[in-house]
Amino acid sequence: MSEKYKTVAYYPGCALEGTGHGYNRSTKAVGRKLGLDLIEIPNWNCCGAMEVKNIDPELQNYLSARNLAIVAEKMNVDTVMAPCNGCYHNLKKVEHDIAKKPKTQEVVDRLSQKAGHATYQAGEVETIHALDWIKEAIGEEGIRERVKNSLKGLKIANYYGCMYTRPRNIFPEKDQGEGSESTHNPHYMDDLLRAAGAEIVDYPLKTACCGGAHTLADSDTSTKLVLNLLQTAEDCGADVIATECPTCHSGLEMHQIRAEKEHGIKTSVKMLYFTQLLGLALGLSSRKLGIHENVSDASGLLKERGLA
Amino acid sequence: MSDNGERFTGHGEEWRDARLSAQDARTATSWVEAKIDKRALLTNKDRVEDVRDAMWQLEKDGEIIVHRVGDQHEPVMAKTLYGWDKKIPTNQLWHHKSCGQCGNIPGYPASLLWLMNQTETRYLDETDQTSCTAWNYHGSGIGNIVSLAAVFLRNFHQAYVSAQAEGLDPGYYYPLVHCGTSFGNYKEVRHFLMHSAELREQVRKILAKLDRLIDGKLLIPEEIVHYSEWLHVMRGRIADKQQIDASNIRVTIHPACHVYKMVPEDVIYDDDVLDGNRVAVSTGIMQEMGTQVIDYSTWYDCCGFGFRHIISEREFTRSFAIDRKIKVAVEEARADVMVGHDTGCITTLDKNQWIGKAVGKDYALPVLADCQVAALLCGAHPYKIVQMHWHASPFEDLLEKLGIDWQRAKAEFEGYLEEVAQGKIETLYEPRRAITSGEGYRP
Amino acid sequence: MTDPILIVGGGPAGLGAAQALSAIGRKSILVEKEAELGGAPIISGYAKLVPSGEWAKDAIGGMVQRVAGSDLVDVRLGARVTEFAGTPGSFNATLSSGEQCQVSSAILATGFTHFDSINKPEWGFGTHPDVVTTVQVEQMMSSGKGVYCPSDGRVPDRVAILLCVGSRDRQIGREWCSKICCTVSANIAMEIRELLPDCSVYIYYMDIRTYGQYETEYYWRSQEEFRVKYIKSRVAEVTSDGNRLLIKGEDTLVKRPIAIPFDLVVHAIGMDPNLENATIAETFGVDLQKEGNIAQQFSYGGIGLTSRAGVYVAGAAVGPETIDDSIAQGQAAAMAALGMDGGMVAPSAAAE
Amino acid sequence: MPIHEKSLIRPEDLTEHEQLEIDGVDVSGHWSTFIETRVVSDYNERMEEEIAALPGGEYIHRCFQCSSCTNVCTVNDLNPDFNPRYWIYLARMGFEKELLRDKDLLWQCVSCHKCTHVCPRDVAPEGVMKAMATWAELKGHTEVKPAAAFDAEFTEQIVATGKIEEGRIIRGFFKRTGQPLNQPWLREMSLRLARRLPILMGLKMALAAVFRPRTRDWDKSRAAITEYIAEREDANRRALNLD
Amino acid sequence: MTSSPQSGQRAVGKLADPIGADAPLDREALEEIFDDIRTHPRYDSELNGCLNCGICTATCPSAHYYDYSPREIVQLLWTENVEGIYDAMQEKIWACAQCYTCAARCPFGNSPGGLVMVMREVAIKHGMESAKEVLRPFSRVMLKVMTTGNQLAPNMITPEHFPDWGPNISKVEAPLNILRKAIPMPTLHTQETAWAVNLKTSIELYTIWEESGVLDQLETMDENLFDVIVDIMDEKREDYADWLEEQDDDDDDD
């Protein structure tokens, strides 16, 4: 176990205070269990998700830059960890844009000054995802050593979604050869859960889209996309889809129900956050991991497999 | 330009005038303007196949016999698109009639025959001939290469032997094709025949059954000739007979697709006609007779006939004919007449105008074949010979502009109709010559 | 004593050969049929060259001056070679003046002929005055008069450049790609946009072949910086409605017919084999390839070899070629000719 | 004859007369039907600039139509008419009428970023899709689409408090788009949750409704953002020659 | 692997519409149709390759009005897209106006119009519904040409069949037979055919129809019309045989 990422700034984002509550709880619980410290960014604001970008991309950059500026200015850490793909993506995006685009620098600087805080400068803070955090700080070996309750027999399809890998140019650390994360075939979650004893199924739709951006605006599209994800996971033999993003997770849950209610197409695969699965393996209780707060009710399955 | 004044083209600081002297600029221009021997360069026969070469070879191999354009046919050489020579026979012609012309624009072939009478051209117009069947093929899909080829060779065989009925040698008459589609189709079929031994064999069997082989061989014409080509090479001689001045007439030409787009290497382009930039037929004779030929933006477009559309989808035909051709000729070229050289085009452009009234597009542009206009200008009777009453588009203004009293001519014709009813019929040639074979044939 | 080397053609390839030979102190005789040196870039009045961006008059003009000023190059203008006899190392060339020259070898740098757009009548050249060729636009620009419509001198609002005129066209017996027209057209398009910022320039293409580095410098940059529009369409006809030219095409990416008005239409004319190649081939006893260019013997051991030992070829005489490659080939052919003198026998000759 | 290939003609291109008599001849129906051309006869040369000026559209001019974007497009998989490559081309060339035929599809991009990920020319097609949807709305060619309503609701909440609250987003969105909140599937979802967490759920919802999550110390940021948005909206309208 | 086609698609990571699914086409039948096209005697000389340049569609009159593109047809054939070919044969190929402008323009020397003809022939061979529909209005012409050797007759052009050609089919009031006789060409004094075709000639053409397989085509497409034509021609052949016999008798008498 390395010292890297032992203490990081924690950026939960809005979703983890709402529908992604289970993700929030399990992330914190797993962190504690693993002896990692999360310090929540004081006064953080919403990253803007995709929606603010659609209104104006530079405004979204400002929103994300403000959070990074707080970390750089007020916190004694050089890393910020965001479990939500959307937040993670946006922090990565502003890091990229602020380094490369004069227009971004100009707008972020102007708004930061008006708002009365320091302007974030490229390179001051490193942004990582919850997957990077555990993968780097603990590693597969570290997980394997700590497994109390192996996930053995549980078949998992890992679903990474869009924002974790795309577009490649905002993730300069990915695709750097052996050991690094891949944008084409991400595997950090596979690695960690496999270390926790799970059987990882070969899931071709790892980075397909769940339609999360339109979950309400164009629900039919989202339902179709989600159904593809769910049915494929079932075709691949998965019991569980492991997620690492609150928007994807709730999208899968919501549209599983919507497909059933509106189209009469029923699927039974369950959704669990990867932190919930890791937590179970580490011996944490289902309640502590917020598994009961998921819409997708995995309690029967977990009981059956002796995991809860 | 970027802020620091540097040229953003990257052409660098050596940006300055070319300093090309006036003399240099002139030399430069003349270099480009010097025209290369038009289409001859690199369209020689090593590069583009001349089907006639295949014919000579097959004849040498004893597979076919070529019906030659001989001296007796008084050929005139014309240059085609690639600068090749094409022999156009000008005498002893066998009329391969067009069903559409004969059926609904009879003044079209009648004018042509009348012009032949004026120029003392010998010809035969007989009953032993079929349609080329290509309209039907292109329209319905019924028919095939074998049937088309057999029809082609049957009719051309008849042209070859027809003179025997008059006690003359075979080959005396050379076929002259009236219809643009027949012309294009026959050329296309000849191409397939020359390239496919299998097709030749299939057709040989059929023609044997019809007793239409020469020494057991297929008879293939040396040139497939359209009447408009005859008219083109005869234009000087026809213009000599001109009686009516047409210099005030603005003419738009509608060239027919199957005449100049199908097998294009065989089509006449003449340096003296529009600098050789457009197909020469029709334009050539119209210019020769002193009309003003006006170019227009849809010159290259087809008429909208469509083969099957003219029968079953006239929405397309009428829309295209009016919008792309008639309207443009009237509004853009301010034409007095549109002149064509093919059956389908004349029919389409002529008959489909009236319905334009339904959408406020009533252009009333006369549509005539080149030979009809030529005959008119040489003094042919507008009704008795040119048979203009079969045309749907109004032609009366055009006749007035040419100084022809159409009302008198019409009255004359109506008088003539009464004589016809009594069996007093005038014809362009001795009627019995039309019968050369089969039922009713009496030598 | 070695005899001089004969160079036929005073364009970029011939100049390149002459320059190379004089640089190492070898004599040459340069025979040019026109009254001045420089070849197509000078005689046809090209404007700025690809890829240097230099004016032809400066770039090729500079070469002409160096060659013309060299004591080692014997320049014969307005001359042709009428006979060529002998064996490698000892040829006898008869010039059109009747003069006989002893030469050790010959380099054919006889170039090409611009495609004559009159051969594509449906595209309006020769019918409509505002249909011009790339060469004519080069001349407009190089003569300093700017780009205008020849019919009435007005400045065009909208220019279309049609690619592959006289190239890649079986209808007129020219199946080859002329190699340089895409790049030249992109260059011209950028120049027009620079001269006339309010004028839109559209390029009608069926393939874009701005190969190698030209991709960024010409194809990409013409779009990114100069906003030149590319339409994937080979046009059917160029006609006129009496006011503007009409281009009829299918926008194949949209799958719709288009009929767009333009003020000026430019044919990106291709490169035909030199019109005189048949005569040249006969005089020098070399083969032509099927398309009418001087046939090059492909051998990685030798450069610019023809079917006759001691006779070399360089530049557009072998097919469409760029100016800089023509110069390089001229220089390379010079080296090959020298090599033969020194006893290095060309592989094809050795094989005989 | 009724037109055999009628499905190949756009209905708006047909002129038909149910009853018509000319010169005493009955030419009703197909006897007098005319077709208008579908040939595109001009470009709107300002269109590319307009879209380039809107958020997300700035790299549209780089496109050279390789179609990588459409090939990977998530929505295109579901609906082949959703074709970013095609629309970018239409916009670049100024085929305004053609683009408007698809105006009701433009907004359906799900922002999966596959296109931006693969685009060899860095056009960022995902952004261009947004710019096009915005263009169609600002120009008045379409009503405000649900996606835009969602974006607006979302952004307004952030501007107001620095954060969003999902329940409020859902309520706000349904209100904006005039839809009932009582969607069967949403109800089902709440029911399933409530079955397991009856008290906590109720409490959470009630709390969130009263105590909105908010970022402390947000006032100055809010002012800066509000001013910036107004500035951008103004710029967008100017770019489109509106007002 | 599961047997469902949808999951097959998903297995390569391709999304599909999981809610609406299409019935799969019978690929073998499609390939048979394509084979008939590919082996048609015209095929090779009409298709050399395709650059997708669009010049054919640019110049196509049908493309002017229809969502029809010869380029697309050539592409379907060139890429051997059997589904697309089949679809095109349902409707699109009939839009072609057979003007051959495309062939005159193609830089590759293809003939898209010729390829359409091949496809039309094959559509007929397979008795496709589209071909039957298209043929129906043609039956008058078919009957005429197959029984007389002449495609068109003056008496076919009547106001009932051509109201859109207006009231002036002739601008001189007279019965058709008089108007025809007033044409100064003796061969045109006919109403049933465009020119007088003698009996032997029409029988010769009928033999061509029989021997070249055209009659079989017709039988597939329109059995009624086929029966009518066969009856007429049997009668004509009998008449001709009788006449020949008479000739022989005359000869014998001589």
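The values are calculated or read from the model by the stated rules, or taken from the named source; none is laboratory data. Just so it is clear, the model here is predicted, and its values are computed rather than measured. Every residue, glycine among them, receives a Cβ derived from its backbone with ideal geometry; neighbour counts consider all protein chains shown. Note: areas computed on protein heavy atoms with side chains; ligands, DNA, RNA excluded. Shrake-Rupley method; radii C 1.70, N 1.55, O 1.52, S 1.80 Å.
The table that follows gives values for the structure above.
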quantity	calculated
For D:GLU48: the one exception among (1) in a helix (DSSP H, G or I); (2) under 23 Å from E:ASP67 (Cβ atoms)	(2)
Within segment C:237-256, considering residues that are under 23 Å from B:TRP299 (Cβ atoms) and among the hydroxyl-bearing types (Ser, Thr, Tyr), the one surrounded by the most Cβ atoms within 10 Å (Cβ to Cβ)	C:THR239
Flag for B:ALA392 being closer than 21 Å to E:ILE169 by Cα, at the interface with another protein chain (Cβ under 8 Å from one of its Cβ atoms) and either modelled with pLDDT under 95 or within 17 Å of the chain's Cα centre (by Cα) (or both)	yes
Enumeration of residues in segment C:181-236 that are small (Gly, Ala, Ser) and open to solvent by less than 30 Å² (accessible area, probe 1.4 Å)	C:SER185, C:ALA186, C:ALA189, C:SER200, C:SER222, C:SER233, C:ALA236
In segment B:55-76, residue surrounded by the most Cβ atoms within 10 Å (Cβ to Cβ) [restricted to those that are of a type in the set (A, V, I, L, M) and closer than 23 Å to B:GLN118 by Cβ]	B:VAL69
Residue selected from segment E:174-227 under the condition within 7 Å of another protein chain (Cβ to nearest Cβ) and among the charged types (D, E, K, R), by the criterion farthest from B:GLY100 (Cα to Cα)	E:GLU211
Qualifying positions in segment B:311-325 - touching a residue at least 40 places away in the same chain (Cβ under 8 Å), out of contact with any Gly (no Cβ under 6 Å at 6 or more places or on another chain) and either charged (D, E, K, R) or open to solvent by less than 10 Å² (accessible area, probe 1.4 Å) (or both)	B:LYS325
Spans of helices (runs of 4 or more DSSP H) in segment D:157-243 with at least 2 residues modelled with pLDDT under 85	D:184-196, D:198-210
Helices (runs of 4 or more DSSP H) contained entirely in segment A:3-90, each with at least 2 residues that are of a type in the set (Ser, Thr, Tyr) and assigned by TED's automatic domain parsing to the domain that holds A:HIS117	A:21-34, A:57-74
Helices (runs of 4 or more DSSP H) (entirely within segment A:226-308) containing at least 1 residues that are open to solvent by 10 Å² or more (accessible area, probe 1.4 Å) and not aromatic (Phe, Trp, Tyr)	A:246-263, A:299-304
Single residue of A:ILE156, A:ILE128 found to be touching a Leu at 6+ places or on another chain (Cβ under 6 Å), of a type in the set (A, V, I, L, M, F, W, C), touching a residue at least 60 places away in the same chain (Cβ under 8 Å) and crowded, with 17+ Cβ neighbours inside 10 Å	A:ILE156
Residue in segment C:274-286 that is in a strand (DSSP E or B), within 14 Å of another protein chain (Cβ to nearest Cβ), open to solvent by 30 Å² or more (accessible area, probe 1.4 Å) and of a type outside the set (Ser, Thr, Tyr) present	no
Failed condition for E:GLU173, given (1) within 30 Å of D:SER28 (Cα to Cα); (2) in contact (Cβ under 8 Å) with a residue 40 or more places away in the chain; (3) charged (D, E, K, R)	(2)
Of all residues in segment C:26-38 being closer than 25 Å to C:GLU138 by Cα and either part of a helix (DSSP H, G or I) or small (Gly, Ala, Ser) (or both), the one that is most open to solvent (accessible area, probe 1.4 Å)	C:ALA35
The listed residue being open to solvent by 20 Å² or more (accessible area, probe 1.4 Å), within 20 Å of C:GLY339 (Cβ to Cβ) and touching a residue at least 12 places away in the same chain (Cβ under 8 Å), out of C:ILE294, C:ILE303, C:ILE323	C:ILE303
When residues of segment C:148-167 are limited to those that are more than 21 Å from the chain's Cα centre (by Cα) and within 23 Å of D:MET93 (Cα to Cα), the one surrounded by the fewest Cβ atoms within 10 Å (Cβ to Cβ)	C:VAL155
Candidates B:GLN129, B:GLN118, filtered to the one that is surrounded by fewer than 23 Cβ atoms within 10 Å (Cβ to Cβ) and touching a residue at least 24 places away in the same chain (Cβ under 8 Å)	B:GLN118
Residue ranges of strands (runs of 3 or more DSSP E) in segment C:39-147 with at least 3 members on the phi < 0 side of the Ramachandran plot and out of contact with any Asp or Glu (no Cβ under 6 Å at 6 or more places or on another chain)	C:73-77, C:81-87, C:90-95, C:105-108, C:131-133
Meets criteria (in contact with an Asp or Glu (Cβ under 8 Å, 6 or more places away or on another chain) and not in a helix (DSSP H, G or I)) for E:VAL118	no
Unique match (being of a type in the set (S, T, N, Q), open to solvent by 60 Å² or more (accessible area, probe 1.4 Å) and touching a residue at least 12 places away in the same chain (Cβ under 8 Å)) among D:THR226, D:THR177	D:THR226
Spans of strands (runs of 3 or more DSSP E) in segment C:180-243 with at least 1 residues of a type in the set (A, V, I, L, M, F, W, C) and closer than 18 Å to D:ILE88 by Cα	C:200-205, C:229-232
Counted residues, segment D:182-195 - those being in contact with a Lys or Arg (Cβ under 6 Å, 6 or more places away or on another chain) and surrounded by fewer than 16 Cβ atoms within 10 Å (Cβ to Cβ)	1
Some residue of segment E:191-200 being touching a strand residue (DSSP E or B) at 6+ places or on another chain (Cβ under 7 Å) and at pLDDT below 90	no
Residue under evaluation B:ALA409, criteria (1) farther than 17 Å from B:GLN101 by Cβ; (2) open to solvent by less than 10 Å² (accessible area, probe 1.4 Å); (3) not in a helix (DSSP H, G or I), criterion not met	(3)
Helices (runs of 4 or more DSSP H) wholly inside segment B:104-197 that include at least 1 residues being more than 11 Å from chain E (Cβ to nearest Cβ)	B:107-118, B:145-161, B:180-195
Those residues of segment A:25-51 which are within 13 Å of another protein chain (Cβ to nearest Cβ), of a type outside the set (D, E, K, R) and either more than 23 Å from A:GLY251 (Cα to Cα) or touching a residue at least 40 places away in the same chain (Cβ under 8 Å) (or both), in sequence order	A:ILE41, A:PRO42, A:ASN43, A:TRP44, A:CYS47, A:GLY48, A:ALA49, A:MET50
Out of B:ARG204, B:ARG235, B:ARG250, B:ARG200, sole residue that is basic (Lys, Arg), closer than 24 Å to B:ALA329 by Cβ, in contact (Cβ under 8 Å) with a residue 12 or more places away in the chain and outside the structural domain of B:LYS325 (by TED's automatic domain parsing)	B:ARG235
